[in-house]
Each structure stands twice: as C-alpha cells, then as structure tokens.
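A quick write-up on the structure given underneath.
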Amino acid sequence: MDIYSIRTQIELEVNQLNSREALEAFRNKYLARKGIISQLTGSIPSLAVEERAAFGKEVNLLKSQILAIIAEKEKTLAAEKPSTPAPGGGIDIGMPGIAQEIGRLHPITQTIDEITSIFVQMGFSVVEGPEIETEYNNFTGLNIPLDHPSRDAFDTFYIKSPAKNRLLLRSHTSPVQIRVMKSRRPPLAIIVPGRVYRPDAVDASHLFMFHQIEGFMVDEGIRFSDLKGVLEVFAKAVFGKEIKMRFRPHFFPFTEPSAEVDISCIICQGRQLSDVLTSQGKRCSVCGGKGWLEILGSGMIHPNVFKHVGYDPTKYTGFAFGMGIERIAMLKYGISDIRLFFENDLRFLRQF
Ligand SMILES: [Zn+2]
C-alpha cells in the first residue's frame, strides 16, 4: 500500500462525506484499530532500516491530514440545517434573490431640470410658488380683468373660500411673478417651474393638471431684443442649433406687446415639405404641414402689472414668457399623447 495512492483515494472520498454516517465510515476506515493508518504503522518494522523514519513521518502527516478533514467536515455538518426545514422556517439558499430595481427621474422632471439648467447658466434664479393661490395673484395682479374668460369657473378650479379672498388652484405659474416682485426689487431674472391646474376635458393634448415654466427679467432698460436673445439660446439648447424661430404678434393681458414663439418643425425642418408631401397624400404629422411649432407665449411685462407690485413703470421694463413642459417634452421626444406621462406605465417611462 503506497501513501500516494491512499491520498488520491482520500481526495475522491472527501466529496462524498455529506452525512454523519459517511463521515463515521470514513473515520473507521482510516483511524480504527485495524484501519489503514494502523496497517501502515504496523508495516514499518518490515521496511529497510534507512526507510523507516521517512515513512513514519509520511504516515504521521497523513494521519493529521485525515484528522483535519474529519474536523472540518464535522463543522460543516453541524452548521447545516436539517434536510427537512422546520415548519414555517428555513431559507432556500438555492433560490434566486429579488433584484432591486434602479429607479430614474420621470421624463417631465428630466425636462424641467434640462430647461431650468439652461436658464440658470444664463444667470436666472429658480423660485417656486404655492399651487393654491389667491384670485388676486392669479388674475387681478396680472392685469387679467374680471370679465376675462379664463376667470370663469369653467376654466379655473376655485376653492371654497371667502369672496373677499378667493382661493383657487393656480391656472398658470405667472402668479409667482407677483409674489417675487412684491417681495424683491429689480434687477430680477427668475425662472419658475411648477404644476398648474385647469378643468379641461382629458384628451391626447389636454389634462386637468400639467406643468409650466415661467421666466421673467426686470430691470432698467430691458428690451424686447433681450427677450429674443434669451429665448433663442433656450430654443437652440433644447431643440438643436439648426432650428429657426419666429415671433407672432398675440394678445396676453399681462404683457404688451405680446408674442407667441414658434420654432421650425423639428421633423420637416420647416422647409415647407408639407406641400410636396401633401401631393402624395401625406402631411408632416408633427406640425400638421405648417412647418412651424408653437412652443411658448411671451412679451414685455404690462405697465399695469408693475403698478400692482409697486414698481415705477417709467423706470423699469421687463419681459416674461411661459411654456408648457409637457408640450416641450412631447415635441422633443416625439410623444403624441400627453396622458402617457401620467399613466405610470413603466414600459413608457423606462425609455427616458
Ligand atoms: Zn413638420
């Protein structure tokens, strides 16, 4: 019997020592009175004298290795749970774990962050206002007359409140203009992201709740050209350097003059491809064949607004603009239905 082949055999047997019975049999096979170690020791006198010491050392080493294997296996077996789990307990360590999903920012939050950071780089500060507003801040202070259709209960969510101090869910972010101007003096460069509410019937382009970003700048000598410059930087940062812009005269009670701002269609590039496409029975579905997309409303702040907040309209001028975040995100990402943003369908939200 040579020690080398015994070692090889032990290496094979070690993997089978999965029960107390198997371990006991292993122990008996090698360490019992007539076990293999005993036999090896007993064979020493038959060896040549000069071989005995080296062989004895080898046998002792083997014995201590076998003892170490047994001690190690005993420890493992003691730590193992009984093969039948205790009632109501026991953890299946072979079962796959539950992965933690990594969340992400909602596309509307991402769009707000993106737009806000563009204006912050131009020196604007971010201010937020309450979603429950006074009728004064939402309308009167902004030069919106009592008979204006937007003040109608069909266009604004009013909250049960005393007639003298009527409260409502703000229908735009513009009341924050009043709040800021009443509490601070020019120069002002402010950006106001936030949620607004209107009792609109829900369809692909309307919701009763959506988001706006309001921006305004007030100081001595602010001109319409400042408005154009700021909005051009913004539009090109969001939609790309190639887009063109146009200002269309419009009416808003709180600005004079007022303009709606369009960008050239991001799909057909405003190249009036619509004419060509129409002859083939197709239109650019994004701009409806017009070549332009409306992105926001803007203008020079009305002198009456300055009077309401105690600014001298002969000294100060300023511009203001406001845009719908959902609309910007829909144009930017080619989304056709506003409701997708708020249905919490992860198949949609995971794409951003
Ligand atoms: Zn188009």
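The values are calculated or read from the model by the stated rules, or taken from the named source; none is laboratory data. All figures in this text were calculated on a predicted structure; none of them were measured in a lab. So basically every Cβ, Gly included, is an ideal-geometry build from the backbone, and we count neighbours across all protein chains shown. Surface accessibility is based on the protein's heavy atoms, side chains included, excluding ligands, DNA and RNA. Shrake-Rupley method; radii C 1.70, N 1.55, O 1.52, S 1.80 Å.
A few remarks follow.
- The residue among Phe208, Ala48, Pro175 whose Cα reaches farthest toward the positive pole of the charge dipole of the chain, with charges on the beta-carbon of Lys, Arg, Asp and Glu, is Pro175.
- In terms of distances greater than 20 angstrom between alpha carbons, the cross-link table entries Lys241/Lys332; Lys34/Lys73; Lys236/Lys332; Lys228/Lys307; Lys34/Lys75 yield Lys34/Lys73; Lys228/Lys307; Lys34/Lys75.
- Lys, Arg +1 and Asp, Glu -1 on Cβ, resulting dipole of segment 3-79 about Cα centre, debye, nearest 20: 220
- Ordered from longest to shortest, the equivalent ellipsoid semi-axes for segment 3-79 are 27, 11, 10 Å, each the square root of 5 times a Cα gyration tensor eigenvalue.
- Basic side chains Lys and Arg get +1 at the Cβ, acidic Asp and Glu get -1 at the Cβ, and with that the dipole of the chain about its Cα centre reaches some 220 debye.
- Accessible surface area normalised per residue over the chain is 58 Å², counting heavy atoms of protein chains with a 1.4 Å rolling probe.
- Each pair of Cα atoms in the chain enters the Kirkwood radius, and Stokes-Einstein at 25 °C and 0.890 mPa s then converts it into a translational diffusion coefficient of 90 µm²/s.
- Surface composition of the chain: carbon and sulfur make up 56 percent of the accessible area, probe 1.4 Å.
- The H on the amide N of His250, modeled in the peptide plane, is under 5 Å from the matching H of Ser258, Ala259, Glu260, each at least 5 residues off or on a different chain.
- Summed over all non-identical Cα pairs, the Kirkwood treatment of segment 194-236 gives a radius of 13.1 Å.
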